[in-house]
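As structure tokens, the structure follows; a few thoughts come after it.
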Amino acid sequence: MRRRGLDFRRPVRKRFPNVVWWTVCGILVLVLIVVLSREGQIESKPTISRKPYRRDRIMEGVTVTDEMLSSNSVTRQLTDQISLAKAFVVIAKESNNLQFAWELSAQIRNSQALLSNAATRRTPLTVGESETAIRDMALLLYQAQQLHYDSATMLMRLRAKIQTLEEQMSSANEKSSKYGQIAAEEVPKSLYCLGVRLTTEWFGNPNLQKKHRERKQMDAKLKDNSMYHFCIFSDNILASSVVVNSTALNSKNPDKIVFHLVTDEINYAAMKAWFTVNSFRGVTVEVQKFEDFKWLNASYVPVLKQLQDSETQSYYFSGHNDDGRTPIKFRNPKYLSMLNHLRFYIPEVYPALKKVVFLDDDIVVQKDLSGLFSIDLNGNVNGAVETCMETFHRYHKYLNYSHPLIRAHFDPDACGWAFGMNVFDLVEWRKRNVTGIYHYWQERNVDRTLWKLGTLPPGLLTFYGLTEALDPSWHVLGLGYTNVDPQLIEKGAVLHFNGNSKPWLKIGIEKYKPLWEKYIDYSHPLLQQCNFH
């Protein structure tokens, strides 16, 4: 079929382009969105705009922004206001403006109540809740500025107040230390009663003395170096009993344990009576008094010679020589007792023994201690737990490093260690003449310029370079003056109530007393008669 010519073809109808249509539609949609968004903004204005915060109600100089009043910052603003108001309360009282101080204190309590309620319900403060409190506090703070409580004046007065409070705190601490020391030195009536009754029993009961002599004659264990030998130097009957009893009850082989107990003339009969009447699972207990040691005299022992000096006695008992500069804790009579210094004469006290574990009378044993006797001290004399986890337990804490002798011989950062549970190799002790070293330093401290008093400072000097560090779990300290980690207490072999708060005193730390008291039989007739409970 023949195609038509171009002139005879049907003309094509022109169509409006699709792009234009889509563009027009898009514009209309955008216009609609803009209109709707404006309406939404008008409808969703915040509540604060309907009830605007009247800044004109706060005097000039106090600026409160919308951001500061938002729900996530009103708590911070209230806290800041309270802190500032507390400072102004102090200054107002110093200026004798008691009425204004009362108004500030009342507003502080109001603001604190708001914060407390919000914390209790666990939801943040809202603007509506805190608006009145913030406004009222702001008015008072502005009034404080008008009263010329400016920053310079406030700082000056606060510094004066701080200095006064520091002086009061120092005085209170001194009194607390003094009264605590006095309480620690007191002998409880029950302990005194026990000593009197035991002494009466000893001298009034011939059978008791006979039993003691028979037991002593049969004890060949006292010099047997295959036994586990422990020594205690104490005048406290009940405390010594707890040490022996806790060691016996936690021992795998109590029949191999020998306790060598040294006391003084006053408590000698009572000690013998107590350890003769009571049995501790077959543990052997020897009781001696240091007055029987012939070698213990002023010509051999420097401490005894010093204690006979009238000036020394006045220094430690009256305290008039140094205008009260020496802390009262250094004037404790126990530091002047020979029982406290016998630890430096253990080889003389027990000439037949090769190894001894020294125990203080304020400890409790809660693990088997036989493992201490197999510890290799690597040629050292003293095995002890180190206490230098903190810097204040290093040598510079205990010794006077301004003295040239101390400075020349001892490292100030050397690690301190604890008396109270110590393993002593008496063979090495005698070989190295450790007691002679102790005498050397005691003779050079006659004027008390190397250290003040006590046995730990001379111990640190005497055993310097001769101490083997033991695992800390063998000896846990601090139960007589501070809080101790319960996990350390649970793992500890020996718990030490070092400090003034001894467990047999009323000032003892209550939560630690059961650890000590569980080794006392309160049903014992003598303890019942002396009101132990």
Going through the range 205-222 one residue at a time, which ones are of a type in the set (A, V, I, L, M) and open to solvent by less than 80 Å² (accessible area, probe 1.4 Å)? L208, L222
Could you list, in sequence order, the residues of the range 283-308 that are farther than 29 Å from V242 by Cβ, buried (at least 18 other Cβ atoms within 10 Å of the Cβ) and aliphatic (A, V, I, L, M)? V301
Taking the range 372-383 and keeping residues out of contact with any helix residue (DSSP H, G or I) (no Cβ under 9 Å at 6 or more places or on another chain) and closer than 13 Å to G465 by Cβ leaves N378
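From S226, S240, S246, grab the single residue that is closer than 24 Å to P347 by Cα and assigned to a helix (DSSP H, G or I).
From the options S226, S240, S246, the qualifying one is S240.
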Name the residue, out of L479, L461, that is closer than 23 Å to L304 by Cβ, in the same structural domain as H341 (by the TED database) and surrounded by 16 or more Cβ atoms within 10 Å (Cβ to Cβ). L461
Within the range 343-446, which helices (runs of 4 or more DSSP H) (wholly inside it) include 3 or more residues that are open to solvent by 50 Å² or more (accessible area, probe 1.4 Å)? 395-398, 404-409, 426-432, 434-443
Only one of (1) touching a Ser or Thr at 6+ places or on another chain (Cβ under 7 Å); (2) at pLDDT 95 or above is not met by D360, so which one is it? (1)
All positions within the range 447-458 that are within 13 Å of N400 (Cα to Cα), open to solvent by 10 Å² or more (accessible area, probe 1.4 Å) and either in a helix (DSSP H, G or I) or not assigned by the TED database to the domain that holds H409 (or both): P457
Options A239, A220, A248: the member that is in contact (Cβ under 8 Å) with a residue 24 or more places away in the chain and farther than 26 Å from K506 by Cβ: A248
Considering only residues of the range 127-163 that are hydroxyl-bearing (S, T, Y), modelled with pLDDT under 80 and open to solvent by less than 70 Å² (accessible area, probe 1.4 Å), which is nearest to N96 (Cα to Cα)? Y149
So L479 fits all but one of (1) in a loop (DSSP other than H, G, I, E, B); (2) hydrophobic (A, V, I, L, M, F, W, C); (3) over 27 Å from W274 (Cβ atoms); what number is the exception? (3)
Starting from residues that are of a type in the set (A, V, I, L, M, F, W, C) and assigned to a helix (DSSP H, G or I), keep the ones in the range 482-498 and report whichever is least open to solvent (accessible area, probe 1.4 Å). I489
Can you pull out the residues in the range 505-524 that are modelled with pLDDT under 95, open to solvent by 30 Å² or more (accessible area, probe 1.4 Å) and touching a helix residue (DSSP H, G or I) at 6+ places or on another chain (Cβ under 8 Å)? K506, I507, D521, Y522
Please go through the range 377-418 and give me each residue that is in contact (Cβ under 8 Å) with a residue 60 or more places away in the chain and over 23 Å from the mean Cα position of the chain (by Cα), ordered by number. L377, N378, N380, V381, N382, G383
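The values are calculated or read from the model by the stated rules, or taken from the named source; none is laboratory data. Since this is a predicted model, take the numbers as computed values, not measurements. FYI the Cβ positions are ideal-geometry reconstructions off the backbone, even for glycines, and counts take in every protein chain you see. With ligands, DNA and RNA removed, areas are computed over all heavy atoms of the protein, side chains included. Shrake-Rupley method; radii C 1.70, N 1.55, O 1.52, S 1.80 Å.
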